[in-house]
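Accompanying notes for the structure given below.
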Amino acid sequence: VVSVPGVWRRHGARLRRSLEGAGLRVSRVLVPDGERSKNVRELAKLWNAFLAAGADRQSAVVALGGGVVGDLSGFAAATFLRGLAFVQVPTTLLAMVDASVGGKVAIDLPQGKNLAGAFHQPRLVWIDTELLRSLPVRQRAAGLSEIVKTAAIRDAGFFERLEGSVERVLHLDPEAVLPAIERACAIKAEFVVRDERETSGERMLLNFGHTLAHALETLLGYRRLLHGEAVAIGQVFAARRSEGLGLAPAGTADRLERLLARAGLPTALPDFPRRAYLDALRVDKKRRGDHLRFVVLREIGRAETVPLTFEEILPRAVRRASRGGRWSE
Ligand SMILES: NC(=O)c1ccc[n+]([C@@H]2O[C@H](COP(=O)([O-])OP(=O)(O)OC[C@H]3O[C@@H](n4cnc5c(N)ncnc54)[C@H](O)[C@@H]3O)[C@@H](O)[C@H]2O)c1
Ligand SMILES: [Zn+2]
């Protein structure tokens, strides 16, 4: 079982009891908390820990934690003895609906996030929403941002249900949170199944809101904003551009913004010079020359990609892409 100290302290004993109760021998390996653990050194430490624990092809790696633990230990599982069985027990809302679905596992390199990794599907993902009680509300909201994203791109009815329940999802009312997690996982899985190795581009709609989010994360050096928060800002921005390009009906972005704001998520574009946004957009992995395939909304529940130039994504004329946000030259 791979975990981080804080999560193991709260939830480790219960997992150990449950596994040992099933007749399994358990070894625990802890990695330091935070994105910075997704590196080669921690990966090598996991391989060594697996050796020390006597892991063989009958062993399974169980990730107990958020997306960081899942990505790192999943990559260790994918590579140790050319692949050990992998089980995810996600403990953040983001990991439940996003990181544990799709089989992508990775570490970061100094040059960028998730640059070394593999596709390694888990044998099992065990989602227990009681684990979320100890998760700070800000982290819950960050996961909710990705849930709203799946609704916005794929399912207007789900979006409406979220409009009727967002506060209850955030406060973990089982009748609200369980169906939300279930539907978000199903939508992500549906895209993944059609494009498991990310070759045909069908998985790209899941990137809704992410072009600007990645630019923001670059600008902020991955501090200040959680990923889900950057994605909330990016979704509202992308919805406003969709309206601006005449692709989505007026009011689409406002509706999305209202829902995200009720989750306590930021929606306004931080005030960087337009030039800084353009520079940050240009490092996007999805870039093709001076174009990006940008995910737009056609309406709530329906998305598509359109090739846009950087100038079209950030037109000079749009001073106010998001309420309260603007850019200066
Ligand atoms: N593989 C994928 O498809 C995929 C998809 C999305 C994100 N990711 C990756 O996931 C990572 C982000 O995941 P995350 O948001 O879960 O971050 P995280 O794993 O860093 O967890 C966030 C924080 O919450 C704490 N925490 C976790 N569970 C808790 C609990 N139950 N109670 C209290 N505290 C708890 C963690 O210790 C950490 O401090 C990034 O590295 C990202 O690249 C991967
Ligand atoms: Zn994301």
Checklist outcome for this item: FRET efficiency for Glu163 and Gln111 from the Cβ-Cβ distance with R0 = 41 Å, rounded to 0.05, comes out at 0.50
Item to check | Two-site label geometry, Ala118 and Arg57: point separation in nm, points 7 Å out along Cα→Cβ | outcome: 1.4
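Under a 1.4 Å probe, what is the accessible area of the chain per residue, stated in Å²?
Working: 15090 Å² over 329 residues.
Accessible area per residue: 46 Å².
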Next on the checklist: Taking all protein chains in place and a 1.4 Å probe, what share, in percent, of the accessible surface of segment 212-251 do carbon and sulfur account for?
Outcome noted: 55
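Can you give me the % of accessible surface on segment 31-146 that is carbon or sulfur? Probe 1.4 Å, all protein chains present, nothing else counted.
Details: 2830 of 5090 Å².
In segment 31-146, the share of accessible area belonging to carbon and sulfur is 56 percent.
Considering all projection directions equally, how large on average is the shadow of the alpha-carbon convex hull of the chain, in square nanometres? All intermediate terms of the calculation are to be shown ahead of the outcome.
Numbers: hull surface 64.2 nm².
Its average projected convex-hull area is 16.1 nm².
How compact is segment 61-138 by the rule of thumb for globular proteins, expressed as Cα Rg over 2.2 N^0.38 Å?
1.07
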Item to check | 0 to 90° range, to nearest 10: angle between helix 137-154 axis and the chain longest Cα axis | outcome: 60
Next on the checklist: Modelling each spin label as a point 7 Å along the Cα-to-Cβ direction, I'd like the Ala250/Ser200 distance in nm, to one decimal.
Outcome noted: 3.9
Next on the checklist: Output wanted: per-residue J couplings in Hz (rounded whole) for segment 108-116, from phi through Karplus 6.51 cos²θ - 1.76 cosθ + 1.60, θ = phi - 60°, x for Gly and Pro.
Outcome noted: 8, 10, x, 7, x, 6, 6, 7, 10
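Can you tell me how much longer the chain between His171 and Glu20 gets when fully stretched, taken as 0.36 nm per residue apart minus their C-alpha distance, in nm with one decimal? If you can, show how the numbers build up before the last one.
Numbers: separation 151, 0.36 × 151 = 54.36 nm, distance 3.16 nm.
Contour length minus the Cα-Cα distance gives 51.2 nm.
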Next on the checklist: I'd like the Karplus ³J(HN,Hα) series for segment 54-59: coefficients 6.51, -1.76, 1.60, θ = phi - 60°, whole numbers in Hz, and an x wherever there's a Gly or Pro.
Outcome noted: x, 5, 9, 5, 8, 7
Checklist entry - Karplus couplings for segment 155-161 from phi (6.51 cos²θ - 1.76 cosθ + 1.60, θ = phi - 60°), rounded to Hz, Gly and Pro as x? => result 8, 5, x, 4, 4, 4, 5
Checklist entry - Between Arg28 and Glu130, what is the FRET efficiency for a Förster distance of 25 Å, r being their Cβ-Cβ separation, to the nearest 0.05? => result 0.75
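Using only DSSP helix segments of four residues or longer, with each worth -39500 (n - 2.57), what per-residue ellipticity at 222 nm results for the chain after dividing by its residue count and rounding to 500? Walk me through the numbers before you get to the answer.
Working: 12 runs with 147 residues, N = 329.
Mean residue ellipticity, 222 nm, calculated: -14000 deg cm²/dmol.
Using the eigenvalues of the Cα gyration tensor, what equivalent ellipsoid semi-axes result for segment 14-99 when each is taken as the square root of five times the eigenvalue, whole Å, largest first? If you can, show how the numbers build up before the last one.
Details: eigenvalues 72, 58, 26 Å².
They are 19, 17, 11 Å, listed largest first.
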Checklist outcome for this item: quick note, segment 37-195, DSSP beta bridge pairs, % antiparallel (nearest 5) is 40
Item to check | Virtual spin-label span in nm between Val137 and Glu35, 7 Å along Cα→Cβ | outcome: 2.5
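The values are calculated or read from the model by the stated rules, or taken from the named source; none is laboratory data. The shown structure was predicted, so the numbers you read here are calculated from the model rather than taken from an experiment. Cβ atoms come from the backbone with ideal geometry, glycine included; neighbour counts cover every protein chain shown. Heavy atoms of the whole protein, side chains included, go into the accessibility calculation; ligands, DNA and RNA do not. Shrake-Rupley method; radii C 1.70, N 1.55, O 1.52, S 1.80 Å.
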